[in-house]
Each structure stands twice: as C-alpha cells, then as structure tokens.
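Have a look at the structure below, then the notes.
The values are calculated or read from the model by the stated rules, or taken from the named source; none is laboratory data. Because the structure is predicted, anything quoted here is derived from the model rather than measured. Quick reminder, even Gly has a Cβ in these numbers, built from the backbone with ideal geometry, and neighbours come from all protein chains shown.
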Amino acid sequence: MKKTPAKTDAAQGEPPEKRPDFEAALARLEAIVERLDDGNLPLAESLALFKEGTRLAKVCRDLLSDAELQVKTALQDVQDDADVRFADRDEADSTDFDGQDR
C-alpha cells in the first residue's frame, strides 16, 4: 500500500497554508503580465516569469475553486435549514390544537 504524502500544492510544492493569498498572487501575476507585455526582456527572464505566472495562475484558480465550494456549501446549509423549518411547520399545521391529526 502506498503512503500518501502530506497535502501540498502541486504547482508550488508548498503546503496550502504557505500559499500566497488570492490578492497577493493576483497582484504578482498582473505585474508579471505587464513585464512580459513590454517585450524587452531576455529570453531566460521571460521564460522564468512565464513559469512563475503559470504557477500563480494555478494558485488563483485553486483559491477561487475553494471559495466557490465554500459558498455552495454555505448556501446548501441555509437551504437545508429552511427545508427542516418548513417541514416542522407543515407537520405542526397538520395537527389540531388538541394534538390530534386532522
């Protein structure tokens, strides 16, 4: 049986808690794009920036996916709570004041 290593961000080789936050990663990515758009960089530097940019793009995608999942989970929790409350209310409405079913 294979041992699974501790969870790391595959794009960075870093644990998730060491990843930059979304805003920092996006700001750095935007700066890289501006530098690459200028077109006045040596090939080696352009390639290094491109690699960093693709890594940061993956970090941003992963963070956005995590946020989307959290929003969906929160919305589902709210919906589940509402469903339970309405079911309880409907059950109470179907009973007479003396506790007998109608």
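If you go through the stretch 1-30 and keep only what is at pLDDT below 65 and part of a helix (DSSP H, G or I), you end up with just Pro16.
Of all residue pairs spaced 6 or more apart or on separate chains, those with beta-carbon atoms under 7 Å, a first member in the stretch 31-43 that is part of a helix (DSSP H, G or I) and a second member that is surrounded by 10 or more Cβ atoms within 10 Å (Cβ to Cβ) and of a type in the set (S, T, N, Q) are Leu36/Ser46.
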